[in-house]
1. Rounded to two decimals, what is Rg over Rh for the stretch 33-179 when you use alpha-carbon atoms and the Kirkwood radius?
2. Placing +1 on the Cβ of each Lys and Arg and -1 on the Cβ of each Asp and Glu in the chain, which of Pro158, Leu100, Gly176 has its Cα farthest towards the positive end of the resulting dipole?
3. State to the nearest 20 debye the size of the charge dipole of the chain about its Cα centre, where the only charges are +1 on K and R beta carbons and -1 on D and E beta carbons.
4. Once neighbouring chains are kept in place and the probe is 1.4 Å, which whole percent of the accessible area of the chain is contributed by carbon and sulfur?
5. Of all the stretches in the chain, which is the longest one without any exposed loop site, taking GluC sites (Glu not before Pro) in a DSSP loop (any state but H, G, I, E, B) with at most 12 other Cβ atoms within 10 Å?
6. In a Gaussian network model over the chain where Cα atoms closer than 10 Å are linked, find which of Leu78, Leu63, Leu128 has the largest mean-square fluctuation.
7. Over the chain, with a Gaussian network built from C-alpha contacts below 10 Å, which listed residue (Lys120, Lys55, Lys38) shows the highest mean-square fluctuation?
8. Using the Cα centre of the stretch 53-117 as the reference point, and only Cβ charges (+1 on K/R, -1 on D/E), how large is the resulting charge dipole? Debye, rounded to the nearest 20.
Amino acid sequence: MLLRSFIGFGLLAIGTASANESELTSRTVRLGNGDTIKHLYEDGVPVLMDNKHVKIELAGYQLGSDNKGVTWRWAFTLSLKENPPSVITVSDVTEGRARLLIQDNQGMFTGLRWFGQGDKFYPSAEALPWLYDSGTTQRIYRLDMRLTTGEHKVLYQPAIYTAESKRKILKLIKAGSIK
């Protein structure tokens, strides 16, 4: 189940391939508040979280462009299972305080799927300083969910942004368009 990042139609997604061709390892990941979590990685790439309530299908961003330049939106897609969430928020917990990326009212339930999209912004060095670092970057996203039963559940999803993918994104930003 090799996980790969790819850009298509301006969207970063983490896809999967078959499990028999790769190696699973558990890693300890430090959150911005100093806490740690354990997460599975496959060939060095974080595995998409899957529990009895939801399965993360996409964790990343969507690129677009307008007359001012390239735009960025956080985007997450979940498959819903038993006792699905009725409220979902997504935050970046990589550094210090959690930074809210997607509020509950920015998500949409469609059947057994949830699609959340953050506000559009311009991906400047001030807005996304890690994007402008030359190396590979790992970000950690926290999904806070209130289930239909009233329970509160939290999922963490690390994501890897390779140096190469960041260079390609910066090239698009410099060009001012994703076309």
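The values are calculated or read from the model by the stated rules, or taken from the named source; none is laboratory data. All values reported here derive from a predicted model rather than from experimental measurement. Note: ideal-geometry Cβ built from the backbone for every residue, glycine included; neighbour counts use all protein chains shown. Quick note on the areas: whole protein, heavy atoms, side chains included, nothing else; ligands and nucleic acids left out. Shrake-Rupley method; radii C 1.70, N 1.55, O 1.52, S 1.80 Å.
1. Details: Rg = 15.9 Å, Rh = 16.3 Å.
Here the Rg-to-Rh quotient is 0.98.
2. The listed residue farthest towards the positive side: Gly176.
3. 400 debye
4. 51 percent
5. Working: sites that count: Glu23, Glu82, Glu126, Glu151.
Of all site-free stretches, the longest is 24-81.
6. Leu128
7. Most flexible of the set in this elastic network: Lys38.
8. 40 debye
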